[in-house]
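The values are calculated or read from the model by the stated rules, or taken from the named source; none is laboratory data. What you see is a predicted model; the values in this text were computed from it and never measured. Note that we place each Cβ from the backbone using ideal geometry, even for glycine, and neighbour counts take in every protein chain shown. Note: accessible area is taken over every heavy atom of the protein model, side chains too, but ligands, DNA and RNA are not part of it. Shrake-Rupley method; radii C 1.70, N 1.55, O 1.52, S 1.80 Å.
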There are 2 protein chains.
Amino acid sequence: MLFRKTAILGVGLLGGSLALALRKKGLTEEISGFGRSAENLEKAKARGIIDSCHPNDPAGAAAGADLVVLATPVGAFTQIAKAIKNSLKEGSVQTDLGSLKGRLVYDLQEIWPRYVGCHPIAGGERAGIGAASERIFEGSRCIITKTGKSDAEAADMLAGLWSAAGCRVEFMDPFVHDEVYALVSHLPHLVAYALVNTVGDANGDLIEFAGNGFKDSTRIAMSSPELWRDVCQLNRDNLLRFIGSFKKNLERIEAFIGNRQPGELEREFDSARRLRSRLENENENESNR
Amino acid sequence: MLFRKTAILGVGLLGGSLALALRKKGLTEEISGFGRSAENLEKAKARGIIDSCHPNDPAGAAAGADLVVLATPVGAFTQIAKAIKNSLKEGSVQTDLGSLKGRLVYDLQEIWPRYVGCHPIAGGERAGIGAASERIFEGSRCIITKTGKSDAEAADMLAGLWSAAGCRVEFMDPFVHDEVYALVSHLPHLVAYALVNTVGDANGDLIEFAGNGFKDSTRIAMSSPELWRDVCQLNRDNLLRFIGSFKKNLERIEAFIGNRQPGELEREFDSARRLRSRLENENENESNR
């Protein structure tokens, strides 16, 4: 038992899945849930994901909790953190599951006494409590963003929690995190959105001719527009830089097509193929363990 | 029995999978295989995919065949078609499995007496005989590109073949085909290659931090560089047009981020989410059938 009582603030895919993992691994005894929708919370309670519902009352959910988990869209983090800071139990640990860290981590650690940020790389384009499952964490990475001011014991407890949930835990500086994920997650989302809208510009009905390649490459375009709007604001500078770098790569391909340079095109494609294949070998290594 | 003997010219993923489908559905009795690698052909024979091996001898493979299937990279099509045109059996049907049609279909129907082009939307980023399976066609689309000069009986026989293999058959003009697939297949491949190379530009080692979103959206960057080099040459003008349209969409997102316009960003993402979701509903309808 790592935390007797846990408060999940935002009971969607990630928050709900963490609640399930905590319960199945025996890491907590009691789970309270906060959210904007009473109906959603009741659904989570009926599924045994949370024990008590606190619609529109984050302080009520956090009261007496040994672990408080922020799992709403990142845009709401600081406001909720401020709203409940006087309701936190003495000695409790606070964390979040947001896909943005950087500045936000420093803001939250100013507001909360014992906060360490987490980012489980799990969930993808699915959303909502209906898709929640403790299995989404198995074999995933979880980044814990430590700073010079982080409580070391709290960071270790969170590392233990995520390991028990099946994640490979990695510590990272909050600003490095945002740079890395601008590149390997946020940029690909923007590209997927733009790719689908390009079909819409030509003729949306043509999307029905798409095969598995298109489906895979644009699956993340079904992600929450609200979440990605927030990510774009909070990771603005990294994103603008990598959009620029991506455009250079695409324009090089464009020029090789325009100038009929098949050899250069093939080299360009081959370097991408080799780099991307490293992720497949990694998976093979994992399944061989 | 639709075709007593079938010649598969290019025994890779698609050619091998079609051979397996023809055999399992009892649509052919004997299958000959041509390819550049004797070793690959022997492997296909050992797996029962083909009955006879004709390395570097497409005419030998085609001799006596009632159906000749071109399944090499598209760049080699016309050369092979010319090389075997005098070895074709009287009354035999010729086809190809290439992802490019347009001009190529008109060229091939000038060379071959009874040719109709096919494009099964199956296979994705996998390659090689090792991945061949008759199941890749199940539930997939197969486009048959009819022209004013196409042999109607040959087109019907091919439609019957693909239906039996599990495909939903659709007839399409060869040039319309290339426009549609530039948009929903070729452009996404170029975008995926550029996305992976953007990571390479920053620091290739960061790719290991990628989650399922990145993996899905760049899976097609593992496709054959040789194949995609050929596609870029043969579908040059459509591709340049859609790259331009894609860049406009990405630059609109870039501007909304740069100018801090969250409402516009959310609308942009939401229109993509709604269009992309049509493919999921389609899948649900299929599985409900």
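A few comments on the model shown:
- Charged neighbours of residue A:255, selected by a Cβ distance under 11 Å, balance to -1 (K, R count +1; D, E count -1).
- Signed unit charges on C-beta, dipole axis of the protein assembly as shown, positive-most listed residue B:113, A:169, B:77: A:169
- The portion of the accessible surface of the protein assembly as shown made up by carbon and sulfur, rounded to a whole percent, is 45 (1.4 Å probe; DNA, RNA and ligands excluded).
- Copies compared at residue B:36 - label distances in nm, ascending, label defined 7 Å from Cα in the Cβ direction: 5.7
- Pairwise burial A:B, computed as accessible area of each alone minus the pair, summed, 1.4 Å, Å²: 8100 Å²
- Summing Lys and Arg as +1 and Asp and Glu as -1 over all other residues whose Cβ lies under 12 Å from the Cβ of residue B:154 gives a net charge of -1.
- In straight-distance terms, cross-link reach from residue A:149 covers every one of the aspartates and glutamates whose alpha-carbon lies under 17 Å from its own, apart from those fewer than eight places away in the same chain; here that gives A:96, A:107, A:110, A:173.
- Evaluating 6.51 cos²θ - 1.76 cosθ + 1.60 at θ = phi - 60° for every residue in segment A:203-211, the Karplus couplings come out as 4, x, 5, 5, 4, 5, 8, 5, x Hz, glycine and proline recorded as x.
- Across segment A:146-157, computed HN-Hα scalar couplings (Karplus, 6.51 cos²θ - 1.76 cosθ + 1.60, θ = phi - 60°) run 8, 10, x, 9, 5, 6, 5, 5, 4, 4, 5, 5 Hz from first to last residue, x flagging Gly and Pro.
- Residues whose amide H falls under 5 Å from that of residue A:31, counting only those 5 or more places apart or on a different chain, are A:6, A:51, A:52, with hydrogens built in the peptide plane.
- Among the listed pairs A:101/A:146; B:25/B:101; B:24/B:89; A:24/A:101; A:24/A:45; A:215/B:215, those whose Cα-Cα separation exceeds 20 Å are B:25/B:101; B:24/B:89; A:24/A:101.
- Gyration tensor (Cα) of segment B:84-140, equivalent ellipsoid semi-axes in angstrom: 26, 14, 10
- Counting charges near residue B:143 (Lys, Arg +1; Asp, Glu -1) among other residues having Cβ under 14 Å from its Cβ returns a value of -2.
- GNM top mover of A:113, A:262, A:58 - chain A, alpha-carbon springs below 10 Å: A:262
- Contact order relative to length of chain A, as percent, for alpha carbon pairs under 8 angstrom and 6 or more apart: 15 percent
- Site pair residue B:89 and residue A:110 shows an inter-label distance of 8.1 nm when each label is modelled 7 Å from Cα along Cα→Cβ.
- For residue A:43, the aspartates and glutamates whose Cα falls under 13 Å of its own Cα, not counting residues fewer than eight places away in the same chain, are A:51.
- Relative to the dominant Cα principal axis of chain A, helix A:236-258 is inclined by about 20°.
- Centre separation in Å (Cα based) which lies between segment A:147-176 and segment A:20-77: 21 Å
- Inter-copy label distances at residue A:240 (7 Å, Cα→Cβ; nm, one decimal): 3.2
- In this structure, the amide hydrogen of residue B:169, modeled 1.01 Å from its nitrogen in the peptide plane, lies closer than 5 angstrom to those of B:142, counting only residues at least 5 positions away or on a different chain.
- Only helices enter this figure: runs of n ≥ 4 DSSP H residues, each worth -39500 (n - 2.57), summed and divided by the residues of the protein assembly as shown, yield -16000 deg cm²/dmol at 222 nm to the nearest 500.
- Mean partner shielding of peptide A:19-28, defined as the number of other chain Cβ atoms within 10 Å of each residue Cβ, is 0.
- Diffusion of segment A:1-142 by Stokes-Einstein, at 37 °C in a medium of 0.692 mPa s and with Rh set to the Kirkwood radius over alpha-carbon pairs, works out to 224 µm²/s.
- Nearest-20 debye value, the protein assembly as shown charge dipole, Cβ charges on Lys, Arg, Asp, Glu: 220 debye
- Only Lys, Arg, Asp and Glu carry charge here, each on its Cβ (+1 for the first two, -1 for the last two); on that basis segment A:36-181 has a dipole of about 200 debye about its Cα centre.
- At 1.306 mPa s and 10 °C, Stokes diffusion of chain B via Kirkwood alpha-carbon radius, µm² per second: 77 µm²/s
- Segment B:176-258: proportion of alpha-carbon pairs further apart than 20 angstrom, %: 42 percent
- Copy-to-copy label distances for residue A:86, where each label lies 7 Å from Cα along Cα-to-Cβ, are 9.7 nm in order of increasing length.
- Surface exposure of the protein assembly as shown, expressed per residue as accessible area with a 1.4 Å probe, stands at 39 Å².
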